[in-house]
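First the structure, in the form of C-alpha cells, and then the observations on it.
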Amino acid sequence: MKHQNKNQSSFGMIGLGTMGSNLLQNIADHGYNCSGYDNDAEKVDTVNHLSRENIHAFSDLKEFAQNLKSPKVVMLLVPAGKIVDSVIEELLQVLDKGDIIIDGGNSHFTDTERRFVDLEKKGFHFVGMGVSGGEEGARKGPSMMPGGDKKAYETLKPILEKIAAHVNGDPTVAFMGERSAGHFVKMVHNGIEYALMQLISETYEVMKKGLQMEDKEIHSVFEKWNEGRLKSYLIEITRDIFAYKKKGAHHLFFNDIKDEAKAKGTGKWTSQAAMDLTVPIPMIDIAVSMRDLSKYKDLRFKASKLYPDPEKSDFNTTEYIAKLEEAFYFSMVSAYAQGMHLLDRANEEFNYHLNLDLIAKIWRGGCIIRSEFLEDIYAAYKKDSKLKHLFLDESIQKSLLKSIPSVRSVVSDAVLQGIAIPSFASALSYFDNIRNEEMPANLIQAQRDFFGSHTYELKGKEGVFHTDWEVSNH
C-alpha cells in the first residue's frame, strides 16, 4: 500500500485500540496528517479502511517513524506498566534526539517520574499526559492533563488545544506542571471519580431499599438532579442507565449485571499516594474498599442469611428526596475537596508548580468528573490561589451549612435501617473532624508512649517527652 504523505505526518500514535483510533481521528478532523502504529495487523487494517487521506497506519515501526515530520511527535496509548518501557525502548531505535514522546495512558506517576529523568538524559522530550473522557471524549474532545517537558508542550499546544473539549470557549487542556505532574493529576481525577461513583451507588441503595422506590421513579430523580446543581456527566449517564432496556426486554438491563465491581488500580494508587503524603481522603479510600468488598459475593451471601435486615420505617418519599439531594451535594463537595487537598499537598512535596484553579478549569469539560460544581471550585481557587481547603471558601461554606442537617439525617436514618452508606458517612465524619479543634488524638499519643515509648509533645511547651506510665495500685 502506498502512503502519499511520506514525511508529512504531524502526529504519530502507537496503540490503535478504540482510544488510540478515536484520538487519531479527532486530530485528523482538525486538519493534521497523522500516522498510527500497532503490532496487531487487524487494528492497522481497521484504521486504514477508514479511507481518510490524512490518516495512515503501519505495522512496521521504522516505516511509521519515517513517515513523521521532525521533530517527531509520538504518543503512546498502551497499557500502563512494563509495556510502556518496552515500547519506549523500541522507539528510541527509530527516533532522533530532540523528538517528543507522549505517554497518554494511565501510568503510575512514579513510573512517569523515572521515565522523564531517563529520557531527558538521553536527549528526548517526554510528556506524561493524563487523558479523560473515555471513547467518546477521545473522538469528540477529551480533557487532557500534560506534564513534564514544558518546551515540548509548547510544540504540542496548538494540536492539543484544538482536539480538546471546550467550555465557554476555553480548551480543556493545559500544562499541569513539572515531571510527573500530569499523571499525578490524572490519578487524583480518577480517585475522585471512584468516590463519586460510590456515592451515586449508595444514593441508589437508599432510594431502592430505604424508600422502596421503583426503577422508573429513581430514573426521574436522577433526571431532575441532572437539571440542577448536581448536573454532571456521572449523574447524566446514571439517568440513562435507569432508562436502558435491551430490545424486546421489559426490565432495565443493569439489573442483570452482577454486583461485583472491577477496578484498574488508579483509585488504589490515589489512596496509597495520599497515605504516603499523610493526606486524609476517606471517601476515596472507602470507595476502593467497597469495590474490593463487592468481589466477596459468596461471603456476603452467607452473612446475609445470618444477619437479617432491621425493621423498615416509612418515609415521605417526596420530602426525603429533597433531603437526599442536600446530603448528596454535601458529600460530593467533600469528595472534590479531598482530592484538591491531596493535589495541594503533592504540590508542596513534589514541587510540581500546579495551579489548582487551572486543574478545575480543564476538568469542567471532556472528563468523567465534569460537573456543574467544578465552576464553583474554579471560582474558589481563582479568587484565592493559596486556598488550603475548599471547606474554607466562603461561598462553599454557605452552601455546606444549608446541607449539614440533611446529611446528618440521611446517615443516621440509613444506619437505623441497616443500609450501608459508608461514603456519605465518611464524608460527614471527615467534615466533623476538620471542624474539630480538639481531636482525641492526644489519647492515641499517650497510648503509643505507654506501650512503645514513642514520646509525645505538650501544649504550650517546647520539646519531646516520655512518661513512665506504670501506675502503682497502692
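Kindly check whether there is at least one residue in region 52-61 that is at pLDDT 95 or above, assigned to a helix (DSSP H, G or I) and either surrounded by 14 or more Cβ atoms within 10 Å (Cβ to Cβ) or not polar (S, T, N, Q) (or both).
Yes, that holds for at least one residue.
If you check Asn473, Asn433, which single one turns out to be at pLDDT below 95 and of a type in the set (S, T, N, Q)?
Among Asn473, Asn433, only Asn473 is at pLDDT below 95 and of a type in the set (S, T, N, Q).
Regarding Val73, is this residue over 24 Å from Thr155 (Cα atoms), buried (at least 22 other Cβ atoms within 10 Å of the Cβ) and either out of contact with any strand residue (DSSP E or B) (no Cβ under 9 Å at 6 or more places or on another chain) or β-branched (Val, Ile, Thr) (or both)?
No: the conditions fail for Val73.
Filter region 339-363 down to residues that are touching a Lys or Arg at 6+ places or on another chain (Cβ under 9 Å) and under 22 Å from Arg435 (Cα atoms) and give me whichever is most open to solvent (accessible area, probe 1.4 Å).
Ranking the candidates gives His341 first.
Go through (1) hydroxyl-bearing (Ser, Thr, Tyr); (2) surrounded by 24 or more Cβ atoms within 10 Å (Cβ to Cβ); (3) over 17 Å from Gly182 (Cα atoms) one by one and return the number of the condition Ser143 breaks.
Tallying (1) hydroxyl-bearing (Ser, Thr, Tyr); (2) surrounded by 24 or more Cβ atoms within 10 Å (Cβ to Cβ); (3) over 17 Å from Gly182 (Cα atoms), Ser143 fails exactly one: (3).
Does region 411-425 hold any residues that are among the small types (Gly, Ala, Ser), in contact (Cβ under 8 Å) with a residue 60 or more places away in the chain and part of a helix (DSSP H, G or I), and which are they?
Ala414, Ser423
Take residues that are within 24 Å of Tyr430 (Cα to Cα) and of a type in the set (D, E, K, R) and tell me which of the helices (runs of 4 or more DSSP H) falling wholly in region 254-309 contain 1 or more.
Hits in region 254-309: 266-276, 282-294.
Answer with yes or no whether Tyr204 is at pLDDT 95 or above and closer than 25 Å to Val415 by Cβ.
In short, yes.
When both residues are 6+ apart or on different chains and their Cβ atoms are under 6 Å apart, which pairs have a first residue that lies in region 349-362 and is closer than 15 Å to His389 by Cα and of a type in the set (Asp, Glu), and a second that is open to solvent by less than 20 Å² (accessible area, probe 1.4 Å) and in a helix (DSSP H, G or I)?
That search, which allows pairs on different chains as well, returns Asp357/Tyr381.
For region 87-115, which residues satisfy the criterion of being open to solvent by less than 20 Å² (accessible area, probe 1.4 Å) and under 28 Å from Gln272 (Cα atoms)?
Ile88, Ile101, Ile102, Asp103, Gly104, Gly105, Ser107, Thr112, Arg115
Of the residues that sit in region 150-205 and are β-branched (Val, Ile, Thr) and open to solvent by 10 Å² or more (accessible area, probe 1.4 Å), which one is farthest from the chain's Cα centre (by Cα)?
It comes out as Thr155.
Pairs only if they're at least six apart or on different chains, beta carbon under 9 angstrom, first in region 288-306 and under 30 Å from Met187 (Cβ atoms), second open to solvent by 90 Å² or more (accessible area, probe 1.4 Å) and not charged (D, E, K, R); list them, first residue then second.
Leu293/Leu299
Going by what's in this entry, would Gly134 be described as surrounded by 16 or more Cβ atoms within 10 Å (Cβ to Cβ), on the phi > 0 side of the Ramachandran plot and in contact (Cβ under 8 Å) with a residue 60 or more places away in the chain?
The answer is yes for Gly134.
Go through region 364-400 and give me each residue that's assigned to a helix (DSSP H, G or I) and open to solvent by less than 10 Å² (accessible area, probe 1.4 Å).
Across region 364-400, the qualifying residues are Phe373, Leu374, Ile377, Ala380, Tyr381, Leu390, Ile396, Leu400.
How many residues does region 296-332 hold that are out of contact with any Gly (no Cβ under 6 Å at 6 or more places or on another chain), exposed (fewer than 14 other Cβ atoms within 10 Å of the Cβ) and not polar (S, T, N, Q)?
16
The values are calculated or read from the model by the stated rules, or taken from the named source; none is laboratory data. Computed from a predicted structure; not experimentally measured. Every residue, glycine as well, gets a Cβ built from its backbone with ideal geometry; the counts of neighbours run over all protein chains shown. Just the protein is used for accessible areas: all its heavy atoms, side chains included, with ligands, DNA and RNA removed. Shrake-Rupley method; radii C 1.70, N 1.55, O 1.52, S 1.80 Å.
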